[in-house]
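A short write-up of the structure that comes next.
The values are calculated or read from the model by the stated rules, or taken from the named source; none is laboratory data. All figures in this text were calculated on a predicted structure; none of them were measured in a lab. Please note: Cβ atoms are built from the backbone with ideal geometry, for glycine as well, and neighbour counts cover all protein chains shown.
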Amino acid sequence: MKKMLSAVACVFGMSIGNGAMAAGAYNDVSKTDPQYLQCLVFSVVRYDGGTDMSPVPGQTKAQAFCECLWNETPENFKGNLALFSEGPQGASVNRTCEKHSNWKD
C-alpha cells in the first residue's frame, strides 16, 4: 500500500511538474487522461527506472512510454495500456515504445 501511494504521488508530481512537456514524436496526451494516468501508475509500480529521464526532453521514461502507448494503441482501445503492451497483440507496440522511451529490461 505504501509503495502504491508513493507511486501515485510520484506520478501526480510528474504530471504537474511537466505541465508544459516538450513535444516528442507523438501527439501530446492530456495529463488528466485516465488511460494515460493508469499507465503511469502501473508502470512506475511494476517496473524499475520509470522515473529516470528519457531521451524525450522533459519526460521520464514512464511518461514517454505511456505517451507512445497512448498514441500507438488503436483508438477504440479502452483497457490498460501497459497490460496491453505485455500481451501478444501489443508486442510490436511495446517494442516501439521501449525504443522511444529508451526503457529496456
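Residues in region 64-85: is at least one touching a Pro at 6+ places or on another chain (Cβ under 8 Å) and at pLDDT 95 or above? Yes, some residue in region 64-85 is touching a Pro at 6+ places or on another chain (Cβ under 8 Å) and at pLDDT 95 or above. Taken over region 52-102, the criterion of being of a type in the set (Val, Ile, Thr), free of Cβ contacts under 8 Å to residues at least 40 places away in the same chain and within 20 Å of Pro34 (Cα to Cα) is satisfied by Thr73, Val93. Counting only helices (runs of 4 or more DSSP H) that fall entirely inside region 48-105 and contain at least 1 residues that are under 14 Å from Val29 (Cα atoms), the qualifying elements are 61-72, 81-86.
Hey, does region 1-22 have a residue that's touching a Cys at 6+ places or on another chain (Cβ under 9 Å), of a type outside the set (Phe, Trp, Tyr), crowded, with 16+ Cβ neighbours inside 10 Å and modelled with pLDDT under 95? There is no residue in region 1-22 that is touching a Cys at 6+ places or on another chain (Cβ under 9 Å), of a type outside the set (Phe, Trp, Tyr), crowded, with 16+ Cβ neighbours inside 10 Å and modelled with pLDDT under 95.
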